[in-house]
Amino acid sequence: MAALEAHDLYRFYHAGEEETLALRGVTLEVERGEIVVIFGPSGSGKSTLLACLAGLDEPDGGYVNVAGKRLTRRPEHVRAAIRARHIGILLQSENLLTNLNVADNVRLQLALAGRAKTSPHIALQQADIAHRSHAKPGQLSGGELARAALAVALSADPDVLLADEPTGEVDAQTEKILLRALNERRARGGATIIASHSEELIRWADRSIQLRDGRIESG
Ligand SMILES: Nc1ncnc2c1ncn2[C@@H]1O[C@H](COP(=O)(O)OP(=O)(O)O)[C@@H](O)[C@H]1O
Ligand SMILES: [Mg+2]
């Protein structure tokens with residue numbers, strides 16, 4: 001069983017008479033322990049695809065299975081439960097609740113995943129942010145915010161990690177920590193899907209998929 005399976009995904013956006021075909025029949029499978037980079041020009045559908053794979057957006061056609069469970073066309077509370085147990089998400093911003101400190105953000109994620117007894121410390125250390133665990137997101141630098149978000153996303157050891165341009169705006173040290181954490185995930189059998197323009201990430205990944213105008217062009 002693939003860690004993630006997406007079949008023939010379509011997503012259309014409407015604004016007045018304008019129609020944008022953001023995804024036009026995207027099919028992909030990602031195995032356990034595999035790191036896949038999705039690349040393509042701006043507007044090619046990378047973020048829309050990740051949002052559909054995460055169950056944060058609902059495709060207009062096609063389906064998504066995560067860890068063998070159907071994610072699409074389920075009520076929001078079912079999607080949220082599947083997401084909490086099986087998916088880690090790293091967005092470009094707004095990954096953290098601003099009124100909770102870093103450790104409590106991690107604790108919340110663990111509780112949602114049914115792992116309230118797991119100490120947040122492991123994830124905080126893995127992301128090299130343990131020394132800032134009592135800080136609120138508003139008190140963190142850009143690199144620290146990215147590492148705190150990584151700690152949250154990895155804390156429940158999700159079957160699938162979805163990351164939208166995670167190395168886009170981070171410092172070299174944070175990028176190193178991120179790549180190290182992704183390598184450790186790979187060794188434990190976690191699947192990772194990254195939207196990125198980075199040539200280095202594309203070379204480093206197990207496989208890359210090129211999107212153009214909402215379609216898979218290669219990969
Ligand atoms: N919420 C939205 N409403 C309308 N159009 C959108 C929305 N989100 C994305 N789009 C459009 O869908 C296409 C794909 O966007 P996106 O998935 O963000 O691409 P990428 O992440 O590759 O830059 C673009 O043409 C974008 O303008
Ligand atoms: Mg994007």
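Nothing in this text is a laboratory measurement; each read-out follows from the coordinates by a stated rule. What you are looking at is a predicted structure, and each value in this text was computed from that prediction instead of being measured. In this analysis, Cβ positions are derived from the backbone assuming ideal geometry, glycine residues included, and neighbour counts consider all displayed protein chains.
Values for this structure:
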| read-out | value |
| --- | --- |
| Note, ³J(HN,Hα) from phi for region 95-106, Karplus 6.51, -1.76, 1.60, rounded to Hz, x at Gly and Pro | 8, 10, 7, 6, 8, 10, 6, 4, 4, 6, 4, 5 |
| Exposed-loop-free span, longest in the chain, where GluC sites (Glu not before Pro) count as exposed if DSSP calls them loop and at most 10 other C-beta atoms lie within 10 Å | 95-219 |
| Sites matching trypsin sites (Lys or Arg not before Pro) across region 19-100 that sit in DSSP coil, with at most 12 neighbouring C-beta atoms within 10 Å | 73 |
| Coarse-grained scattering of region 90-139 at q = 0.28 Å⁻¹, given as base-10 log I(q)/I(0) from a Debye sum over alpha-carbon atoms | -1.19 |
| P(r) of the chain over all Cα-Cα pairs, binned every 10 Å from zero, in whole percent | 9, 35, 37, 18, 2, 0 |
| Within the chain: Cβ-based charge dipole about Cα centre, in debye rounded to nearest 20 (Lys, Arg +1; Asp, Glu -1) | 960 |
| Ordering of 158-164, 132-138 by packing [mean C-beta count within 10 Å, highest first] | 158-164, 132-138 |
| Amide hydrogen neighbours beyond the local backbone of residue 32, cut-off 5 Å, H modeled | 3 |
| Length-normalised contact order for the chain - Cα pairs under 8 Å, 6+ apart - percent | 30 |
| Relative exposure of 98, 20, judged by other C-beta atoms within 10 Å (fewest first) | 98, 20 |
